[in-house]
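The values are calculated or read from the model by the stated rules, or taken from the named source; none is laboratory data. For clarity, every value in this text was computed on a predicted model and none was experimentally measured. Neighbour counts run over all protein chains shown; Cβ positions are idealised from the backbone, glycine included. Protein only, heavy atoms only, side chains kept; ligands, DNA and RNA dropped before computing areas. Shrake-Rupley method; radii C 1.70, N 1.55, O 1.52, S 1.80 Å.
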Amino acid sequence: MLKKKSKKQQMEFSRSPKLSGKVNVCVGLPLTALWLLRCWKIDCWYNGTTIFSYIILLLMLSTGIYRWAFRKGAISDTVTLGGFSNRMYLRYRRQYMPVGIAAGFMLIFVFTTLISLISYGINGLSVQTFSDDLTTFGWMYFLVLYKVLKSYVDFYEYYRSPEYRAVLNNDKDNIRE
């Protein structure tokens, strides 16, 4: 009657750092450009949150460039198996990114709608205030994009790794016994 919950487990594997570095650079550069544009538009260059954000973006870009261009050899990484993202990856494979991005964007849209309704009420909500709230929470769209791309790359590289093949071969040996 009741469905047994899957157990999450952390798996460690080794992989090339190049692909994860490309993800950091390809998401970090547009995010930095948009954040600069935002700071220019609202003139908030010396705000503490802005400075903290640029430190985070600088770290993201520098680790991405280091992994992509300069890091040699394999790195050790972990991936969580049995969670929602992993089940979605196993089910959709190539469609994982568009489905994950669409699901994340819908969650952000619903979250923003609820926050706007709570803040302004049904009568006070207008298109302008709703669009302002969507702009305010726009950074969340980039976080969803980054999370989906990073988890796709993590799962993709794990399922191609020698550690996964060893686990797979070990399970086949246990089935034959």
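Can I get the semi-axes of the stretch 1-155's equivalent ellipsoid? Compute them from the C-alpha gyration tensor as square roots of 5 times the eigenvalues, in angstrom, largest first.
Rounded to whole Å, the semi-axes are 31, 26, 12.
Past 27 Å, Cα to Cα, is the threshold; run LYS41/LYS150; LYS18/LYS41; LYS7/LYS150; LYS8/LYS72 against it and keep the listed order. Can you show the working numbers first?
Working: LYS41/LYS150 30 Å; LYS18/LYS41 35 Å; LYS7/LYS150 22 Å; LYS8/LYS72 31 Å.
Cα-Cα > 27 Å for LYS41/LYS150; LYS18/LYS41; LYS8/LYS72; rest within.
Normalised by the residues of the chain, what does the relative contact order come to in percent, with Cα pairs under 8 Å and at least six apart?
35 percent
Can you work out the base-10 log of I(q)/I(0) for the stretch 1-82 at q = 0.11, 0.14, 0.17, 0.23 1/Å, using the Debye formula on its C-alpha atoms alone?
One equal scatterer on each Cα of the stretch 1-82 leads to -0.49, -0.66, -0.78, -1.02.
Using a 1.4 Å probe and counting only protein heavy atoms, arrange VAL153, VAL167 so the residue with the most accessible area comes first.
VAL167, VAL153
Quick one: putting +1 on the C-beta of Lys and Arg, -1 on the C-beta of Asp and Glu, what dipole do you get for the chain around its Cα centre, in Debye to the nearest 20?
Value, rounded to 20: 720 debye.
Rank by packing, highest mean first: peptides 25-32, 86-93, with packing defined as the count of other Cβ atoms within 10 Å averaged across residues. List each step's numbers first, then the result.
Numbers: 25-32: 17.5, 86-93: 15.5.
Order by mean packing, descending: 25-32, 86-93.
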